[in-house]
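Quick note: the coordinates plus some simple rules give every number you see, no bench work behind them. All of these numbers come straight from a predicted model, not from anything done at the bench. For neighbour counting, all protein chains shown are included, and Cβ atoms are generated from backbone atoms with ideal geometry for every residue, glycine included.
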Ligand SMILES: Nc1ncnc2c1ncn2[C@@H]1O[C@H](COP(=O)(O)OP(=O)(O)OP(=O)(O)O)[C@@H](O)[C@H]1O
């Protein structure tokens, strides 16, 4: 079969192909139209389709986008490809060896249709079925899923021979790597470069890909704008240097012609039913606005040259769970190097700070040639993170063939809490202690203490407030914003302990202290208010030390450890100290870290001040003498956060960076260049928990192609969690303190959740939004807390999806509050 015969065959199939496009659309609509938000989503998807015409990006992350796309573009895109490359398609079908067609930016699979139907033509003409494998690669799970679940089954119904064609679907992120072998790859890139953003990124990665694929043919199409034409010619110049020749891609005659009457009629019915803003013109096969470029390279020798290539172009660059598989980037390698200087590793959420901490520990051990004795402390505020750091480190040690002995502080039902000692090295003389920050007193200072019950402490504080008010003649309803257990405990933490404004130093000392780290929301100037706070706290301190029933708070124990170290009764126990998530440390905590070290130059701090939910803007790293030799490593780009979410929260990260006092260490968040595109954050609104839960369940169902399962609600929202659980959906609700440094797949930020530290609401929201490696849902209800509302205005509006009209309304109403000075502070 030659090119002319194939062209003719395709022309004869024109009505059948149209029928396939129609049937796929009908099946998709039948499967989805009962979703309450279907009409809304489709109407916005249709509006967004005009982004392409206006040369802006189409995000392809609404579940109805492929429907709108396929009805209008499927026929055109097939026509364009075939009209330019029919002879290449013929060549692939006639080839005696297998051909693997990689379609980069496959969308709804027009290239698969062209090669697949051509294969059918060959088979029907009495030839053997061509040996082809079509590998569809696209950034949008929805586009691929429409091809796989709707278009291709409809195509198989009309052309059963297609069952024999090998087809694969991969959601691609450039960082994925794997091993598999291919023999004769062809690369098609249809409209891959139409994205107006990230052009240079796409170009350089395409270049890299061509280098590793070594394809024999490259067939490219883009829209015919001047800019794209220039880009194509610069790419082709590069490829020519690599030995590719131009193939003249003929476009003198179009394979298909005219309109698609049945598809047009069906589309118009949708337009009317859902009042879509769409062109009323008939759907056409003709498309005059494109460039085509064909390149090929003569392969030398036998063509069965099996090569290892990026394979499992897996869903959404799932996070590398096995530590040894993570290959550090150059900045991470630099930050992980061994050095005798305090090092401070900062960077936005997900940039790999914890990864660097584990690598740096390995580098320390190598520097010491795996011989001890060596005492190393790894500490952080979050037990689950300790567990992860320990698992990562164990994996690295085992990968190096090192023997490791594990001892755990606490094992319940066979499950350990991650804290405890790991020993390794020559004669197990290297000891690495994993200790939760709260437990430093116990495990480092061996400080004996009585059990601590927070409720008992709160009740005691309430008593001391009453006593103080009585003694000082303060009315019962006066100064309640400072004379309450929450405020007093935090004052004890941040000022009494945090700034070493010890109670024994007396009231005068407290009256004069500059309360750094406490914000300005609640004023507490020198005078009777301070006096009252001091008196209540003094009573509290005395009670804690004197009453055998009181028990010591974690802070009090940390203070004791501090005293022991300061007085040198306890000699510095560690050679190295690694602190992850340092951002919530007080100045005293930093001193404590230094004092635990024989040599302060061996302190490593990793963290991100933008995630400082307790001290927020006032967080800063000490610049005192002990830290004089400190060196900063700033990592950039989040490996965790999908592109679209990074784009959406960028203004929020900018606001945090602008208002942070420590400009040196807080930076705006950007995605790692290989981050998966993902979906834009989804705004969902409902009157109450039941309504919200139903919608969140519907979102999860619609976005299942994104490979999600469990829903994680933050911050704690038991009501919403219960409603979702009732439907049998795996769901949890937790606090950011528990999730710090960790990641989840579908994070719901509930606006009805309480925030303990309203001053730090930006940092709080940033920390929640950056916990996801796939999807973020923002849940707004009538009970949304007012302090969250302005934060919605710090999300980039064109990078959000509203789930339905009610969600959009609620969102718009709340967003009006954005003009409040709150978000413009600093
Ligand atoms: N070089 C890399 N290659 C691939 N994945 C990486 C790389 N560096 C980090 N990651 C992945 O990125 C995710 C985030 O890494 P990590 O937890 O170290 O970041 P972090 O900066 O400590 O985050 P946070 O600020 O939220 O604590 C992890 O899933 C990790 O496996």
Length added when fully stretched, residue 691-residue 157, from 0.36 nm per residue minus Cα-Cα: 188.3 nm
Rule-of-thumb Rg ratio for the stretch 435-496 [Cα; 2.2 N^0.38 Å; N residues]: 1.44
Angle between the chain longest axis and helix 38-53 axis [Cα atoms, degrees, rounded to 10]: 70
Relative contact order %, the stretch 3-296, counting alpha carbon pairs below 8 Å whose residues are six or more apart: 25
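When only Cα pairs under 8 Å and 6 or more residues apart are kept, what is the percent relative contact order across the stretch 643-824? Intermediate values should be presented prior to the final figure.
Numbers: 331 pairs, mean separation 53.6, N = 182.
After rounding, I find 29 percent.
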Scattering curve values for the stretch 1-63, log₁₀ I(q)/I(0), Debye with Cα scatterers, q = 0.13, 0.19, 0.22 Å⁻¹: -0.60, -0.85, -0.92
log₁₀ of I(q)/I(0) at q = 0.14, 0.16 Å⁻¹ - the stretch 511-660, Debye sum with one point per alpha carbon: -0.95, -1.13
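Tell me, what is the FRET efficiency for residue 738 and residue 459 to the nearest 0.05, using R0 = 25 angstrom and their Cβ-Cβ distance as r?
Using R0 = 25 Å, I get an efficiency of 0.50.
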The chain: calculated mean residue ellipticity at 222 nm from DSSP helix runs of at least 4, using -39500 (n - 2.57): -12500 deg cm²/dmol
Folded to 0 to 90 degrees: helix 353-367 orientation relative to the chain principal axis, Cα: 70
Relative contact order [Cα under 8 Å, 6+ residues apart], the chain, whole percent: 12
Spherically averaged projected area of the stretch 3-296 from its Cα convex hull (nm²): 14.6
Using distinct alpha-carbon pairs, which all enter the 1/r mean, Kirkwood radius of the chain in Å: 30.0
Cα→Cβ-extended label distance, 7 Å offset, between residue 166 and residue 259, nm: 4.3
Simple spin-label estimate for residue 4 and residue 245 in nanometres, 7 Å along Cα-Cβ: 2.4
Tilt relative to the chain, helix 528-546 - C-alpha long axis, 0 to 90 degrees, to 10: 80
Using a Förster distance of 30 Å, the FRET efficiency for residue 327-residue 516 (Cβ separation, nearest 0.05): 0.15
Spherically averaged projected area in nm², based on the convex hull that wraps the Cα atoms of the stretch 1-158: 9.2
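Working out 0.36 nm times the residue gap between residue 33 and residue 509, then minus their Cα-Cα distance, what length gain in nm do you get to one decimal?
On the way: separation 476, 0.36 × 476 = 171.36 nm, distance 6.93 nm.
164.4 nm is the gain from fully extending residue 33 to residue 509.
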Spacing of the two label points (7 Å from each Cα toward its C-beta) at residue 16 and residue 754, in nm: 6.7
Per-bin percent of Cα-Cα distances, the stretch 386-486 [5 Å]: 2, 10, 14, 13, 11, 9, 7, 7, 7, 7, 5, 3, 2, 1, 0
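So if I take the alpha carbon set of the stretch 729-783, get Rg, then get Rh from the Kirkwood formula, what is the Rg over Rh ratio?
On the Cα set of the stretch 729-783, Rg over Rh gives 0.94.
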Residue 632-residue 370 FRET efficiency (beta carbon distance; Förster radius 35 Å; 0.05 resolution): 0.75
Three semi-axes of the equivalent ellipsoid, the stretch 454-551, Cα gyration tensor, whole Å, largest first: 19, 17, 13
Base-10 log of normalised Debye intensity for the stretch 643-824 (one unit scatterer per alpha-carbon) at q = 0.11, 0.17 Å⁻¹: -0.43, -1.09
Chain lengthening between residue 233 and residue 658 when straightened (0.36 nm per residue, less Cα-Cα): 148.8 nm
